[in-house]
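The values are calculated or read from the model by the stated rules, or taken from the named source; none is laboratory data. From a predicted model like this one, the values you see are computed outputs, not experimental measurements. In this analysis, Cβ positions are derived from the backbone assuming ideal geometry, glycine residues included, and neighbour counts consider all displayed protein chains. Ligands, DNA and RNA are excluded from the accessible area calculation, which covers all protein heavy atoms including side chains. Shrake-Rupley method; radii C 1.70, N 1.55, O 1.52, S 1.80 Å.
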Amino acid sequence: LICIKAAGASGWQDGVMKHDALSLALRDARVPRYTSYPPANRFTDKVGAPQAASWIARADVSAPLSLYLHVPFCRRLCWFCACRTQGTRTDAPIDRYLAHLRDEIALVADLLPPGARIGRLHLGGGTPTILSPDRIAALASWLRAAFTFAPDAEVSVEIDPCDCDAERLDALVALGLTRVSIGVQDFDVKVQEAIGRRQDVAATRAVVQDARERGVDSVNFDLVYGLPWQDAQSLSATLDTVLDLRPDRLALFGYAHVPWMARRQRVIPEAALPGPEARLALAALARERLLAAGYVAVGIDHFARPEDALAQAAAAGTLRRNFQGYTADDAETLIGLGPSAISSFRQGIAQNASATGDWQDRIAEGGLATARGHVLSPMDRLAGTIIERLMCDGAVDLAAVAAGQGADPGELARRAERALADLPGVGALEGAVLRANGTAGVRLLAACFDPGYEPGATQYSQAS
Ligand code: SF4
């Protein structure tokens, strides 16, 4: 789930830097999380459906493309979550959404050049498993009819264990399921009650077991630290259970309390939230337990078994970061389907209308539902490359980036020196390699190379 509940875990994977003091000192700095560049709050309505259609029609199909499909519904609305979703007890809105999704799938498939193949499909939300097995089967038939899937295509799905059963998993396996991503957050009952999300261990264990029995060999967990009432003891107990379930990869997000943006969070008791020092201690505890259990750190907030594709991409320096977070996916073109879904092209970024009704209206008019986006300039590409390498590797070779982008290496080095002088302790320049110090260092240095960054803007989450 890519939403503002995440603020980033503490620490960088080399384990060399002492970053806690820096993280505390910089805890009030607010910077983007850079799951994309530029961040979505900078998209404008200068990009619309005609522009997105031309980008789809000119997609490079010599390599597989990726699809993201957003399901904007949940049976329950967890208070901590700021994802783009809406609660529904009935299936009528879901069927309306599916009817329009079918049209959007056909529209996009018609626009793609001949020879396009899909290498990855991710179903996110919201709760994709809110779809009944027959609805999943219908969706699979539309996708398979419209697109050619590569034989080794990856299909991943975000799963709510409280809203998933064996029949749904069977339908997803028939679609080609290769990875399940399960929101765990925390197994402590008091924490779960405070965030409005009850999820017992048995339901989570059952989904993991059922998926593995069906040949799904990749399981991802999302954990969250910094939640109300969470302490070292409760988090340790959660980690005991998590490690017993042996996920292949984990995301460790820091809860970002932003009730002015996510109204549901107003129900969360602020007095029960851990303070900054306690947050860092919780992040460090989780990190130490995961590393001790044999996971390797990936980027600023992920962990994976050494044999996992994400860990291998990190080790090889080929890790990428897109709207879904860290990925080994190197596809140039990512097409988003459904309300609020974001597409990424060589030329720019396009985002669908966010409200489900608006998205449906646009699709019903016969065009794409693009409402906003951004045309990438050479400066955007330069900033985006530097920021992505910092977020993925904790370091960036400024000379190599300059050579690849036709930029002035001296200017990049001077900008790095200015950033290091303004923010002592944030990192170091070793020859042409700018190395960040911990998660806070990564995000702050990334912001220094972002020409559109506005210090102090409240829409961003804390750097640490
Ligand atoms: S079920 Fe998932 S997407 Fe829906 S509100 Fe809860 S955490 Fe957010």
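So the values come out like this:
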| item | result |
| --- | --- |
| Scan of the range 160-195 for residues that are open to solvent by less than 10 Å² (accessible area, probe 1.4 Å), β-branched (Val, Ile, Thr) and either touching a Gly at 6+ places or on another chain (Cβ under 6 Å) or not in a helix (DSSP H, G or I) (or both), ordered by number | Val180, Ile182, Val184 |
| Glu307, sole failed condition from (1) in contact (Cβ under 8 Å) with a residue 12 or more places away in the chain; (2) over 30 Å from Ala369 (Cα atoms) | (1) |
| Residue in the range 82-95 that is open to solvent by 20 Å² or more (accessible area, probe 1.4 Å), in contact with a Gly (Cβ under 7 Å, 6 or more places away or on another chain), within 13 Å of the ligand (Cβ to nearest atom) and in a loop (DSSP other than H, G, I, E, B) present | yes |
| Qualifying positions in the range 172-228 - out of contact with any Lys or Arg (no Cβ under 6 Å at 6 or more places or on another chain), modelled with pLDDT of 95 or more, polar (S, T, N, Q) and within 16 Å of the ligand (Cβ to nearest atom) | Ser181, Thr204 |
| Hey, Ala309 of a type in the set (Gly, Ala, Ser) and within 16 Å of Asp186 (Cα to Cα) or not | no |
| Residue list for the range 342-372, filter: more than 20 Å from the chain's Cα centre (by Cα), touching a residue at least 60 places away in the same chain (Cβ under 8 Å) and not in a loop (DSSP other than H, G, I, E, B) | Thr356, Trp359, Gln360, Arg362, Ile363, Ala364, Thr370, Ala371 |
| Qualifying residues in the range 196-224 (those that are of a type in the set (Lys, Arg) and touching a residue at least 24 places away in the same chain (Cβ under 8 Å)) - the one least open to solvent (accessible area, probe 1.4 Å) | Arg197 |
| Residues satisfying the stated conditions in the range 303-326, i.e. more than 19 Å from Thr178 (Cα to Cα) and open to solvent by less than 20 Å² (accessible area, probe 1.4 Å) | Ala314, Leu319 |
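This table checks each residue for (1) more than 16 Å from the ligand (Cβ to nearest atom); (2) assigned to a strand (DSSP E or B).
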| residue | (1), (2) |
| --- | --- |
| Tyr97 | no, no |
| His100 | yes, no |
| Glu104 | yes, no |
| Arg120 | yes, yes |
| Ala137 | yes, no |
| Ala140 | yes, no |
| Glu154 | yes, yes |
